[in-house]
């Protein structure tokens with residue numbers, strides 16, 4: 001199948017001339033016509049010449065393989081990139097591309113265009129050097145050989161695009177300093193010893209002690225904490241769960257928690273002392289107050305409050321009964337750090353006063 005013709009004495013390929021141009025076969029001299037590119041049986045058929053006479057097979061002339069491959073590639077590129085400018089033997093830097101596809105503006109990921117190099121058998125081209133030059137000028141590159149062609153079709157999937165292939169990966173001149181640092185072995189648990197002056201340490205000793213104590217008790221409900229007592233303040237069918245519980249930390253300290261889950265979980269965790277008679281008596285007094293409390297729907301009102309011993313310096317824990325605007329009883333728990341603006345407070349309402357009274361009596365017994 002011819003891909004070379006003579007037009008006005010000059011050699012041309014199908015994409016360089018129009019269908020109405022007078023074309024001549026360079027081998028037999030007969031007139032040639034152009035058959036446009038199309039798809040047939042699912043395959044692409046490149047634009048090509050054919051003999052105008054019915055005796056087309058009498059001319060055994062076949063275009064040179066390199067020219068045939070370039071013509072097929074050129075034809076398919078025009079269908080794949082209809083808005084691009086495509087030329088044969090176009091200069092790019094110090095080189096001349098077999099086919100050069102150029103975009104009006106750079107596009108992702110191909111860049112400014114695509115340089116196509118067609119190789120028939122072995123050609124004396126430094127593929128690596130040529131590839132680097134194309135990418136350095138923001139052009140993708142496509143290397144084609146006879147294995148990429150099938151009949152009048154060509155596989156263009158091997159385009160080496162500007163992104164990410166133009167990113168520099170050559171570390172022959174050495175790695176960046178940060179790479180050396182990252183590759184150095186690091187101690188598993190690095191530590192630095194800091195010695196405080198005795199006068200400064202004495203000045204901040206109280207602050208350090210409070211920070212250590214609060215750090216131990218800042219988080220509750222962990223899987224390795226032990227529940228000493230747990231009481232629901234809501235019915236099992238209530239979508240808004242409410243509870244009070246007494247938990248033991250891994251180091252044997254006790255924490256009182258009051259919480260609810262309405263639009264997310266809210267809770268306050270406060271340290272309290274157990275084996276403590278005053279704490280026991282105070283919570284029992286709250287329990288007795290549940291039965292005798294008279295709450296009227298006139299806004300929030302404190303019914304009874306008790307201060308519990310926390311066992312931590314400068315930490316105060318407040319537990320109290322509160323009347324709600326709807327005339328129900330609620331339980332409140334607060335944790336306050338003296339000489340600080342830090343405080344935590346939560347109020348949990350309950351419509352089940354009997355359950356609340358029993359829960360407080362059981363909590364009191366655990367504290368005593």
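Quick one: if you stick a label point 7 Å off each Cα along the C-beta vector at residue 105 and residue 19, how many nm between them?
So the label points at residue 105 and residue 19 sit 3.4 nm apart.
Mind checking the log10 I(q)/I(0) for region 229-368 at q = 0.20 Å⁻¹? Debye, one equal scatterer per Cα, no solvent, two decimals.
Scattering profile of region 229-368, log10 relative to I(0): -1.28.
Quick one: go through region 262-302 and flag any residue whose amide nitrogen is under 20 Å from the point 7 Å out along the Cα-to-Cβ line of residue 241.
262-270
Round to the nearest 0.05 the FRET efficiency obtained for residue 201 and residue 304 when R0 = 30 Å and r is the Cβ-Cβ distance.
Numbers: r = 43 Å, r/R0 = 1.45.
After rounding, the FRET efficiency stands at 0.10.
Hey, for a label at residue 96 modelled as a point 7 Å past Cα toward Cβ, could you say which residues of region 1-29 have their backbone N under 16 Å away?
So the set is 11-13.
Each reported figure results from applying straightforward, stated rules to the coordinates on display, with no laboratory input. These numbers were taken from a predicted model, which means no experiment stands behind them. Cβ coordinates were reconstructed from backbone atoms using ideal geometry, including for glycine residues, and neighbour counts include every protein chain displayed.
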